[in-house]
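Working notes, structure below.
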Amino acid sequence: MAFGTFSSPRPVGGRTGNNLGGPISPEPRINERIHVNEVRLVGPNGEQVGIVRIEDALRLAREADLDLVEVAAQARPPVCKLMDYGKFKYEADQKARESRRNQANTVIKEMKLRPKIDDHDYETKKGHVVRFLKAGDKVKITIMFRGREQSRPQLGFDLLKRLADDVAEDGVIESAPKQDGRNMLMVLAPTRKKAEARAEAKAEKDARAATRAANALAEERELAERRAAAHAGQPVKRRRGPADNLDPDIDL
């Protein structure tokens, strides 16, 4: 049985007929890829040029050493702008990368307390809560009741209110206290975003590093002065320290 020849579908817009249902590229059409008769042209500084033929728009782009970029394909006629598309893409990618870097995933820390916690343990756990909040994380506070403590939920309410008041500078109540079986829960949210907390922590870290570098440089200079004085046979001038200001009659 003889078979006739089969011809593949003709490309349409750079794609074959088998791919017509594929995803549409998010990239805008530029220069000769814009297949319309007229466009509404916008200049490189945002000035309105008006409706011009596509040939004239491409000529203006070549004369200005710029690209003709379709910025509103759904308009009639489409809106195109004269711009340096390579520079535009680079700046857009940089902004997107910076946005992803600053975007922080929400992290919920958990701190568990007992209704009759002593003051020392309370201060320790409160310090952890403050540290979490300052880092930009949410904190879920869990009060665990045991035995007869379940009949006195007011103890848990009072403890959670005390904690919320103590950390009010760094956190606010996002989820009010509520009973959940044998436990009582409350969620605290930080008063500032995590990106801001990271930026401040980085600034403090850089400041400490600069201080250490300055101290190390000062020590190196003092050591060099001592070596130079010793080599010249001159008495070494010792740098005054905090102990030099004390009364010599005090027995340390």
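What follows is calculated from the coordinates using simple rules that are stated; it is not laboratory data. These figures come from a predicted structure and were not determined experimentally. We place every Cβ from the backbone using ideal geometry, glycine too, and count neighbours over all the protein chains shown.
Here are some notes:
- The HN-Hα couplings worked out from phi for segment 69-79 by the Karplus form 6.51 cos²θ - 1.76 cosθ + 1.60 (θ = phi - 60°) are 10, 7, 9, 9, 6, 7, 6, 10, x, x, 8 Hz, whole numbers, x standing for Gly and Pro.
- Extension gain from residue 98 to residue 146, taking 0.36 nm per residue of separation minus the Cα-Cα distance: 12.4 nm
- Under 5 Å, built H, 5+ apart or other chain: amide partners of residue 67: 83, 84, 85
- Shape of segment 20-159, Cα gyration tensor, a/c cut at 1.5: prolate
- Extension gain (nm, one decimal) between residue 32 and residue 228, 0.36 nm per residue minus Cα-Cα: 63.2 nm
- Net lengthening on full extension, residue 131/residue 154 (0.36 nm per residue, minus Cα-Cα): 5.6 nm
- Across segment 186-191, computed HN-Hα scalar couplings (Karplus, 6.51 cos²θ - 1.76 cosθ + 1.60, θ = phi - 60°) run 8, 10, 9, 10, x, 7 Hz from first to last residue, x flagging Gly and Pro.
- Overall form of segment 28-89: rounded. Here a/c, set by the Cα gyration tensor axes a ≥ b ≥ c, is under 1.5.
- Partners of residue 116 within straight-line reach, counting lysines whose Cα lies under 29 Å from its Cα and excluding those fewer than 8 residues away in the same chain: 125, 126, 134, 138, 140, 161, 178.
- Karplus-derived 3J(HN,Hα), 6.51/-1.76/1.60, for each residue of segment 212-229, Hz, glycine and proline x: 5, 5, 5, 5, 5, 5, 5, 5, 5, 5, 5, 5, 5, 5, 5, 5, 5, 5
- Close amide-amide hydrogen proximity is noted between residue 174 and 187, 188, 189, each under 5 Å apart and 5 or more residues distant or on a separate chain (H modeled in the peptide plane; Pro and chain starts excluded).
- Shape call, segment 103-147: gyration tensor on alpha carbons, a/c limit 1.5: oblate
- Two-site FRET efficiency, residue 119 against residue 200, from Cβ-Cβ distance with R₀ of 35 Å, rounded to 0.05: 0.70
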